[in-house]
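Just so it is clear, none of the values below were taken in a lab; they were calculated from the coordinates. Note that this is a predicted model, so its numbers are computed, not measured. As a convention, Cβ positions derive from the backbone with ideal geometry for all residues, glycine included, and neighbour counts pool all protein chains shown.
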Ligand SMILES: [Zn+2]
């Protein structure tokens, strides 16, 4: 096989391996990221609950002020009772006292209701804080094990990158440049084996002449349909080599058939 083609196949394999590390890194970090998201969600909920809590507390203190005022008025009425002389004054004061007492009852009920509400908010906040705490503990444990996995992945990737550097050192820069240009759009399918007589990248069937040329592995040949670099994988299943003889089914000979008949 052409030495340059052999190098290209190797470097393309290495690039594929290097790229395969990315999803592994994402996967390793996934659970930690999920935990961070969960904690953010809980923290946001706590902020909203704290706002509600402040609002309820404000309402309670307003009711308490109102209640103090009502009690003061009731004390005034208690003093006024000593000065009541007529039946009319008696009635008016009784009515006033009754209304105030109703207002006191209402204010007390309101304070009780609001206090229950505030306690519920406090419980909700506390339970979310507990959840965050336990997530923090689990996250720390997870981070330690994830770091171990990541370190191993980074180490392997570093080794492979080193292999690539060593390999490309000995390559013709023109060829590596040519390959990198294809790789920009074809990524990990820049150098592909022929599969069932077709380009392994775009899967369009190749004509016989091209197939034979590629089989010889003497040159770097690109797919005429997509531009990827093609080669015949010597380790491919037998079927691939067998197809070499099955030329009748190919497109190109069909197109040429009328011309051949004319010659005959
Ligand atoms: Zn192709």
**Complete:** For the pair residue 22 and residue 149, the simple spin-label estimate (label points 7 Å beyond Cα toward Cβ) gives in nm 1.9
**Prompt:** According to a simple spin-label model (label point 7 Å from Cα along Cα-to-Cβ), what is the distance in nm between residue 136 and residue 180?
**Reply:** 4.8
**Asked** For residue 84 and residue 219 in the same chain, what is the full-extension length gain: residue separation times 0.36 nm, less their Cα-Cα distance, in nm?
**Response** 36.4 nm
**Request:** Could you work out the relative contact order of the range 1-117, using alpha carbon pairs under 8 angstrom and six or more residues apart, expressed as a whole percent?
**Result:** 33
**Message:** To check you understand DSSP bridge types, tell me what percent of the beta bridges within the chain (both residues inside) are antiparallel, rounded to 5.
**Reply:** 60
**Item:** Additional length obtainable on full extension of the chain from residue 187 to residue 104, 0.36 nm per residue less Cα span
**Value:** 22.1 nm
**Message:** Need one number: nm distance between label points at residue 36 and residue 10, each 7 Å from Cα along Cα→Cβ, rounded to one decimal.
**Reply:** 3.9
